[in-house]
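Here is the structure we will look at, set down as structure tokens.
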Amino acid sequence: MSFTPEFLERMNKALEDRVLQAALNKALTTVRRKSAASLMELTEPQDVRDVAAEVKRIAVNSLHRNLQELESRLEHAGTEVLWARNAEEATQHVTDIAREHNIQRAIFSKSMVAEEIELEHALQHAGVRVIQTDLGERVVQLAGQKPSHITAPCLHMSAKEIGKLLKVKTGMEYTDDPERISRYLAEQMRPTFLAAQMGISGVNMAVSRTGTLVMVENEGNVRLGYTLPEVHVAVLGIEKVVETMRDADFVLSLLARKATGQRSTSYLSLLGPGPLPGQKRYVVFVDNGRSFVFSKGPYRELLSCIRCGSCMNVCPVYEKVGGHAYGWTYPGPIGIALMHLMGPPEMASQANYLCSLCGACTEACPVEIPLDKLIVMGRARTNRLKPGKEYRRERRAFRLVTQSMLKGGRYRFTHWGHKVGRAVAPGVVRGVERKLGWHDQRTAPVPAKVLFRTRFKRRKKEPGGSS
């Protein structure tokens, strides 16, 4: 597998960044510990997980019917529903709303779908001043960066880095105390909430039978964002629909526990289907590749994702390189699995290999998505999409390797041939190794003088050796 210089540069930069390494290790270790303790409070955590997984599978398989019912409930209550097949249509809908209402100032509550469709950039291009109100999102906005984690946007930054950033960008007196930083940003945000003409939020879940929009948060900014402005726009990924409030309850019982280690988030909002008095509400149903995922058989399970980020929290690769290394909105195992279906094609074939296939993500997923299996399937799919000549060459090479491994005699012969080749024609051997991808970033291993099987047999014959 060959990687582009840009991809390798991101990897090396992340691996050499000691501040990043320390921040990731500290944050992920903490959330794993808290999450494990929180799950143990449930009487039968595996049973709850099984039910939540089944709830999401049923909801996804009934997606078309649930979306129609949700649309009907919302429109009957006075909410305007807009459908968007892709990112361009979604951003066009929201910018049109801003023009219709003469919006100059908008506030964003945390929304990964809005990040996915680059809604902030589209509104700024249309002349709307946009402020992120989630603390982590505001930090990365000031830094000119993208979120590096689904639930913790500035997970990759230390408190010292954030303190220095705020000193430069806002004039705050330098501090690396998280509480003082949080209080300062909250005070800075208050006038922004009062001046905002439009609030834009994501939706954690929508309940089709009642038309309820479910939003979870810890800071109160989402609640202020959908109550204070005269115009509220909710951006909804179409896979986020469940049928009943009981279904939503099962998902909520795991969402905070898996995401942050809390029993529940500090704020839980259940918005009725209609807008607040004196307010205009729009809900944008965003597809942007989700229907394509739905049509792809086993990949449909990816639509069950509740965006808790637990797969990232346990991923050994993510813990070393962070979210920005993946080059897409959704990092970590879920990002890899989705990327070759919804993300940039040029990145998918490389991000596929940011995985050790340890299976920790599948074990951690609260809705039992087989992420490791789907990542392997994604690798095969992207390989099939390669140009014919390159694909055929790789296939021939792997067939040759497979044949050499099928029989003990063949394996011993290739091992002997490798040793002899390095001794007789080292330049030729290095050329072959280079074509196989070695020497670019690593040194090819030297063949062992004695095969493991030979050493093992000798060990068994020694006194005290196992039989």
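The values are calculated or read from the model by the stated rules, or taken from the named source; none is laboratory data. Computed from a prediction, not measured in an experiment: that's the story for all the values here. Using ideal geometry, Cβ is built from the backbone for each residue, glycine included, and neighbour counts are taken over all protein chains shown. Only protein heavy atoms, including side chains, enter the accessible area calculation; ligands, DNA and RNA are left aside. Shrake-Rupley method; radii C 1.70, N 1.55, O 1.52, S 1.80 Å.
At-a-glance table
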| item | result |
| --- | --- |
| Dipole of the chain, positive direction: furthest Cα of Ala364, Leu15, Met157, with charges on the beta-carbon | Leu15 |
| Unit charges on C-beta of K, R, D, E only; dipole of the chain, Debye | 3640 |
| Top positive-direction residue, dipole computed over the chain with Cβ charges, set Gly237, Ile200, Gly343 | Gly343 |
| Of Asn218, Ala53, Gln279, farthest towards positive along the dipole that unit charges on Lys, Arg, Asp, Glu beta carbons give the chain | Ala53 |
| Calculated diffusion of region 211-294, Stokes-Einstein form, Kirkwood radius summed over Cα pairs, 20 °C and 1.002 mPa s, µm²/s | 149 |
| Cross-link table Lys240/Lys296; Lys13/Lys169; Lys34/Lys280; Lys13/Lys146, entries beyond 28 Å C-alpha to C-alpha | Lys34/Lys280 |
| Electrostatic dipole magnitude of region 43-90 [Cβ: Lys, Arg +1; Asp, Glu -1; Cα centre; debye, to 20] | 120 |
| Candidate residues Cys358, Cys315: accessible-area rank, largest first, probe 1.4 Å | Cys358, Cys315 |
| Under the Debye formula (equal points on every Cα, no solvent term), log10 I(q)/I(0) of region 158-255 at q = 0.10 Å⁻¹ | -0.42 |
| Point-charge dipole on Cβ atoms (K/R +1, D/E -1) for region 268-374, about Cα centre, debye to 20 | 380 |
| Largest-first ordering by accessible area, 1.4 Å probe, given options Arg458, Arg246 | Arg246, Arg458 |
| Probe 1.4 Å - accessible area at Trp328, Å² to nearest ten | 40 |
| Translational D in µm²/s for region 1-55 (Stokes-Einstein at 10 °C, 1.306 mPa s, Kirkwood Rh from C-alpha pairs) | 109 |
| Sparse-neighbourhood loop sites, GluC sites (Glu not before Pro) in region 135-185 - DSSP loop, at most 15 other Cβ within 10 angstrom | Glu173 |
| Region 253-307 versus region 391-431: alpha-carbon centroid distance in Å | 50 |
| Candidate residues Tyr226, Tyr353: accessible-area rank, largest first, probe 1.4 Å | Tyr353, Tyr226 |
| For the chain, alpha-carbon Rg relative to the globular expectation (2.2 N^0.38 Å, N residues) | 1.13 |
| Folded to 0 to 90 degrees: helix 5-16 orientation relative to the chain principal axis, Cα | 90 |
| Over the chain, relative contact order from alpha-carbon pairs under 8 Å, at least 6 apart, % | 19 |
| Cα-based shape type of region 1-152, given that a ≥ b ≥ c are square roots of the gyration tensor eigenvalues and the cut on a/c is 1.5 | oblate |
| Using alpha-carbon coordinates, inclination of helix 426-435 to the longest axis of the chain, degrees | 30 |
| Probe 1.4 Å, protein heavy atoms only - accessible area per residue of the chain in square angstrom | 51 |
| Percent carbon-and-sulfur accessible area, the chain, ignoring ligands, DNA and RNA, probe 1.4 Å | 54 |
| Separation between Cα centres of region 219-244 and region 49-117, rounded to whole Å | 9 |
| With Cα atoms, 0 to 90° folded angle of helix 159-170 axis to the chain main axis | 50 |
| Mean projected area in nm² (Cα convex hull; one quarter of hull surface) for region 69-139 | 5.5 |
| Per-q log10 I(q)/I(0), region 76-209, q = 0.09, 0.15, 0.22 Å⁻¹ (Debye; single scatterer per alpha-carbon; no solvent) | -0.30, -0.80, -1.40 |
